[in-house]
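The values are calculated or read from the model by the stated rules, or taken from the named source; none is laboratory data. What you see is a predicted model, and the numbers here were worked out from it, not measured in a lab. With ideal geometry, Cβ positions are generated from the backbone for all residues, glycine too; neighbour counts draw on all protein chains shown. Please note that ligands, DNA and RNA were not included when accessible areas were found on the heavy atoms of the full protein model with its side chains. Shrake-Rupley method; radii C 1.70, N 1.55, O 1.52, S 1.80 Å.
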Amino acid sequence: MSVSAEQTFSTTTPKELERKPLVLNQRSLGWISDKICSITEGPAPKWWWYAFIPSIMVMTLCFTMIGYLISTGVGVWGLNQPVAWGWAIVNFVFWIGIGHAGTLISAILFLLRQKWRTSINRAAEAMTIFAVMCAGIFPMIHVGRIWYAWWLFPIPNANSIWPQFRSPLLWDVFAVSTYFTVSLLFWYMGLIPDLATIRDRLRLQAVGLTEPLGRFINKAKQYVYGFFSLGWTGSNRHWSNYEKAYLLLAGLSTPLVLSVHSIVSFDFAVSQVPGWHTTIFPPYFVAGAIFSGFGMVLTLLIPLRTLCGLEDVITTRHIELMCKVTLATGSIVGYAYGMEFFIAWYGGNPYELYAFKNRAFGPYWWSYWIMVSCNVISPQLFWSKWCRTTPWFVFIVSIFVNIGMWFERFVIVITSLHRDYLPSSWGYYSPSWVDVLTFVGTFGLFMTLFLLFIRFLPLCAISEIKGVTPQADPHHPLGGAKGGQH
Amino acid sequence: MSAPTTTVSHHEQAGESSIWVSLPWILAAIGLIGCVIGYTSNPKQLGYSYLTAFMFFLSIGLGSLFLVLIHHIFDAGWGVPIRRYLENVACLLPYMGLLFIPLGFWAENLYPWMTADPHTDHALSVKSAMFNKKSFFIVSAIVFAIWGLLSHKLRYWSVRQDETGGSDCTHAMRRWAAPGIYLFAFSLTAGAIFWMKSLQHQWFSTMYGVYYFAGSVWITLATTYGAALILKKTNQVPMLQRLQFYHLGTLLLAFTIFYSYIHFSQYFIIWNAAMPEETFWYVLREKGTWVYVCWALILGHFVVPFLTLLRIDVKLKWAVMVPVICWVWMIHYVDMQFNIMPLYHPNGISPSLSDLSAMLFIGGTLAVIFLRNFRAHSPFPLKDPRMGEAIKH
């Protein structure tokens, strides 16, 4: 039997628990367009040149080292027996990991209806593409005779040699290339309305131009932006098709995000090498990749929001939320470190246990403890609200995250290999100067591409940000055309 | 801006004759009688059946605790109307400590390592510091104490907020949830290893804790969806809306994929390395009719729910979701059987009356306690600051 009752419940939110808006200071839709497009319009600011010129130089260093490697051979690296996988694989996994956050923010957070993604997704997607390009360099040059790298693809050649499909290294070729292609498409798809915005603004700016050169440049830009905006007019039909395509690409990208780093983890886990063969590797690698990806997004966006005057668009709320994801994934990574060690003991395999003891207390003990300090301990600072909402502090922690995640891959690759089953073949791996400069050079490549992106494409998704402003909600007190200031 | 308060009409369960009150008693009594019969005819079978049922219901308690912890840590808003239900389910965990007592008495018959000689068993001797009776009972007591502390503190502050409406209660719940998530991860892993994985103590997998966790949250989401449906239909929590059902359905799809990913990864890595000290666990589960159970898990735990839940609109269609919930319950039970029973029935799955009796006894007993707790407080948080956010969609 049931009886009817009335109950009164509160729907008020105390001031201290109110959520801050995703765009601060009631910025109008016009202000958002102006602010974001202004980065691509007009002369490049000084800070951009100060960053771009050193980046170009460092990138040149990278390609010089690669040229030296190809012309001389992989002997210029610090590889030895038994460490046949050195920094190249460490760097590959490091960059692939960084490439995770972009599509994660775009696809998974989109499917989960997380509106806060809108301010950071564009830059994160660009980061993904450039990071995957940096990653792709290393396995390609690691094959030694780079002119045979095309053998990785399943193309019948004169000797009827087919790729080894049972090797996870070949799975990588397909996983990474598919991920890159879909990420690029997804990034481009989201850019279309914003490219059309820039095109239309160029048309308006052309009216005031009198110099022939200025008019020519404006016309050329109009043509290029117009070409890539695919005739976008912002009609209802265009938006409808766009939304459907975006949802489909988000759905397709989501399993790719998870598959890429799972397959990278299989490079290690499907083997029988102590320290590599452990079942938790796939989710642990995915969590680590998200962790490092968010670390790099924070490293890039915290200075950029100040340099570009975007504090009202990339707010402390965004930084705080990213810190929470970093904390969560850092803790998952910490759980995986703990489980690896525990099961090495639990399993009773003396080789496995030795590999883990050797990690923590062997010749590379320093790398293990750097990894633990940066990846497990430093993100725990984000339990404090002050730490999460103080940009300069978050920036420092994000650097630690980047360092820690590089060391994680170093620990996995180097410490597992340098002492194998035969003590007579044990060795100590040290990188050569070519190893170091090649890795440093990839940062130049990454930064060059990223700075070009900032200069020529909208750093934030203009149309998506407009959709999450209070003004975009017709039920909001500031909704529609009632509020906002230009 | 939201109105400061909203008044809703809802139904309160009353009277001892209500079917919701008497049914669990009847089920528990039938289950108890079945268990007594099972004990007299085949106590070892009953022991394994009881362990299977115990781990099944433990999944729901732990999954509920996890959802409450995550709700507070990520400052979620949408889950407020269903949170009181989850808090009450999580509060069953310490009672499960009492239901664990029979397992404690049967432990020597259930876990071969308890009677094995560490001097002749390498896999046991290397972990004898952990695998001894004293550790087994101490760790078991600690994990139940952790779950009891967390679940009761979280419900205490939630109920207190019904009276005060203060944001200090929200902050207190967050403060408990923050260390709670670490304690949860540690205790769930310890429970899964000690009570399930240690049935074959020679086997090891770093993924196992995550594997049990993934299945636990999967069944909890399905159960919560079903409970939300009942609470909505009976007008006990009238503010449950499409938003809550949609999110629960979406999370169910996400955990369908997550579980499959976890289990596939575990299997694939072990299969590919082909090391006998690992593969024997799966080899045993591919013998006799267990191979059909493997296929049932592939189809039932992934293919069927994945394809069913993929469409956006089905998450709001009761005609689809109710069968999905029943399916999830059945498949999760099959999963628990897959983990536990091959040790006792190596030649194939062998359902017995004890399986049903143990499920009825544990399920009925927990339902009695749940209903008593649930009726003691408002069925939804009355003054949670995020309630307005949860119902405005």
For region A:243-265, what are the residues that are farther than 17 Å from A:Gly99 by Cβ and either crowded, with 22+ Cβ neighbours inside 10 Å or of a type in the set (D, E, K, R) (or both)?
-> A:Glu243, A:Lys244
Of all residues making up region B:127-143, the number that are in a helix (DSSP H, G or I) and either surrounded by fewer than 17 Cβ atoms within 10 Å (Cβ to Cβ) or of a type in the set (Ser, Thr, Tyr) (or both) | 8
Quick one: B:Ala254 ticks every box in (1) over 21 Å from the mean Cα position of the chain (by Cα); (2) surrounded by fewer than 19 Cβ atoms within 10 Å (Cβ to Cβ); (3) within 9 Å of chain A (Cβ to nearest Cβ) bar one, so which box is it?
-> (1)
Is it the case that A:Phe227 is within 14 Å of chain B (Cβ to nearest Cβ), assigned to a helix (DSSP H, G or I) and either crowded, with 18+ Cβ neighbours inside 10 Å or within 29 Å of the chain's Cα centre (by Cα) (or both)?
-> no
Consider only pairs whose beta carbons are under 7 Å apart and that are at least six residues apart or on different chains; among these, list those whose first residue lies in region B:255-274 and is free of Cβ contacts under 8 Å to residues at least 60 places away in the same chain and whose second residue is open to solvent by 40 Å² or more (accessible area, probe 1.4 Å) and in a helix (DSSP H, G or I).
-> B:Thr256/B:Phe302; B:Thr256/B:Phe306; B:Ile257/B:Phe306; B:Ser260/B:Phe302; B:Tyr261/A:Leu258
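Farther than 19 Å from A:Tyr284 by Cβ, of a type outside the set (S, T, N, Q) and not in a loop (DSSP other than H, G, I, E, B): does that describe A:Phe342? Quick ask: steps written out before the conclusion?
On the way: farther than 19 Å from A:Tyr284 by Cβ: no; of a type outside the set (S, T, N, Q): yes; not in a loop (DSSP other than H, G, I, E, B): yes.
Here the answer is no, as A:Phe342 does not meet what is asked.
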Only one of (1) modelled with pLDDT of 95 or more; (2) surrounded by fewer than 18 Cβ atoms within 10 Å (Cβ to Cβ) fails for B:Gln241. Which number is that?
-> (1)
Does region A:299-309 include one or more residues that are within 11 Å of chain B (Cβ to nearest Cβ), open to solvent by 10 Å² or more (accessible area, probe 1.4 Å), more than 19 Å from A:Asn402 (Cβ to Cβ) and part of a helix (DSSP H, G or I)?
-> no
Residue in region A:258-275 that is of a type in the set (Phe, Trp, Tyr) and either under 16 Å from the mean Cα position of the chain (by Cα) or not in a helix (DSSP H, G or I) (or both) present | no
Conditions (1) within 14 Å of chain B (Cβ to nearest Cβ); (2) open to solvent by 20 Å² or more (accessible area, probe 1.4 Å); (3) in contact with a Gly (Cβ under 9 Å, 6 or more places away or on another chain) -> A:Ser38 fails only (1)
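When you check B:Leu124 against the structure, is it open to solvent by less than 40 Å² (accessible area, probe 1.4 Å), in a helix (DSSP H, G or I) and under 30 Å from B:Tyr344 (Cβ atoms), yes or no? Step through it out loud before you land on a result.
Working: open to solvent by less than 40 Å² (accessible area, probe 1.4 Å): yes; in a helix (DSSP H, G or I): yes; under 30 Å from B:Tyr344 (Cβ atoms): yes.
Here the answer is yes, as B:Leu124 does meet what is asked.
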With the condition kept exactly as written, say whether any residue in region A:124-137 is modelled with pLDDT of 90 or more, aromatic (Phe, Trp, Tyr), part of a helix (DSSP H, G or I) and touching a Phe, Trp or Tyr at 6+ places or on another chain (Cβ under 7 Å).
-> yes
Of the candidates B:Arg160, B:Arg174, the one satisfying the condition of being basic (Lys, Arg), within 11 Å of chain A (Cβ to nearest Cβ) and over 20 Å from the mean Cα position of the chain (by Cα) is B:Arg174
Keeping to region A:364-401, report how many residues are within 22 Å of B:Tyr182 (Cβ to Cβ) and hydroxyl-bearing (Ser, Thr, Tyr).
-> 4
Taking B:Ala228 as meeting all but one of (1) closer than 30 Å to B:Ser350 by Cα; (2) under 20 Å from the mean Cα position of the chain (by Cα), write down the number of the exception.
-> (1)
Select, from A:Ile192, A:Ile217, the only residue that is assigned to a helix (DSSP H, G or I) and at pLDDT 95 or above.
-> A:Ile192
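If the requirement is being surrounded by fewer than 23 Cβ atoms within 10 Å (Cβ to Cβ), at positive phi and small (Gly, Ala, Ser), which of these qualifies: A:Gly348, A:Gly338?
Working: A:Gly338 fails: at positive phi.
Going through A:Gly348, A:Gly338 in turn, just one is surrounded by fewer than 23 Cβ atoms within 10 Å (Cβ to Cβ), at positive phi and small (Gly, Ala, Ser): A:Gly348.
Being open to solvent by 10 Å² or more (accessible area, probe 1.4 Å) and of a type outside the set (Gly, Ala, Ser) is the filter; apply it to region A:316-328 and report the residue that is farthest from the other protein chains (Cβ to nearest Cβ).
The initial filter retains those residues of region A:316-328 that are open to solvent by 10 Å² or more (accessible area, probe 1.4 Å), namely A:316-317, A:320-321, A:324-325, A:327-328.
From what's left, of a type outside the set (Gly, Ala, Ser): A:316-317, A:320-321, A:324-325, A:327.
Details: A:Thr316: 15, A:Arg317: 11, A:Glu320: 10, A:Leu321: 9, A:Lys324: 7, A:Val325: 10, A:Leu327: 9 Å.
The residue in question is A:Thr316.
Which members of region B:189-209 meet the condition of being away from every other protein chain (no Cβ under 11 Å), among the hydrophobic types (A, V, I, L, M, F, W, C) and in contact (Cβ under 8 Å) with a residue 40 or more places away in the chain? Steps first, please.
Quick first cut of region B:189-209, residues away from every other protein chain (no Cβ under 11 Å) only: B:191-192, B:194-196, B:199-200.
Applying the additional criterion that residues be among the hydrophobic types (A, V, I, L, M, F, W, C) yields B:192, B:194-196, B:199.
Residues satisfying the conditions are B:Phe194, B:Trp195, B:Met196, B:Leu199.
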Out of (1) over 22 Å from B:His332 (Cβ atoms); (2) open to solvent by 10 Å² or more (accessible area, probe 1.4 Å), the odd one out for B:Met173 is which?
-> (2)
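Can B:Gly104 be described as over 18 Å from the mean Cα position of the chain (by Cα), more than 14 Å from chain A (Cβ to nearest Cβ) and either assigned to a helix (DSSP H, G or I) or surrounded by 14 or more Cβ atoms within 10 Å (Cβ to Cβ) (or both)? Please lay out each step first, then the result.
Values: over 18 Å from the mean Cα position of the chain (by Cα): yes; more than 14 Å from chain A (Cβ to nearest Cβ): yes; either assigned to a helix (DSSP H, G or I) or surrounded by 14 or more Cβ atoms within 10 Å (Cβ to Cβ) (or both): yes.
Considered against the rule, which asks whether it is over 18 Å from the mean Cα position of the chain (by Cα), more than 14 Å from chain A (Cβ to nearest Cβ) and either assigned to a helix (DSSP H, G or I) or surrounded by 14 or more Cβ atoms within 10 Å (Cβ to Cβ) (or both), B:Gly104 comes out as yes.
Any idea which residue in region B:260-285 is nearest to the other protein chains (Cβ to nearest Cβ), counting only those that are of a type in the set (A, V, I, L, M) and loosely packed, with under 15 Cβ neighbours inside 10 Å?
Within region B:260-285, the first condition is being of a type in the set (A, V, I, L, M), and the residues that meet it are B:262, B:269-270, B:273-275, B:283-284.
From what's left, loosely packed, with under 15 Cβ neighbours inside 10 Å: B:274-275, B:283.
Working: B:Ala274: 8, B:Met275: 6, B:Val283: 16 Å.
Among those that are of a type in the set (A, V, I, L, M) and loosely packed, with under 15 Cβ neighbours inside 10 Å, it is B:Met275.
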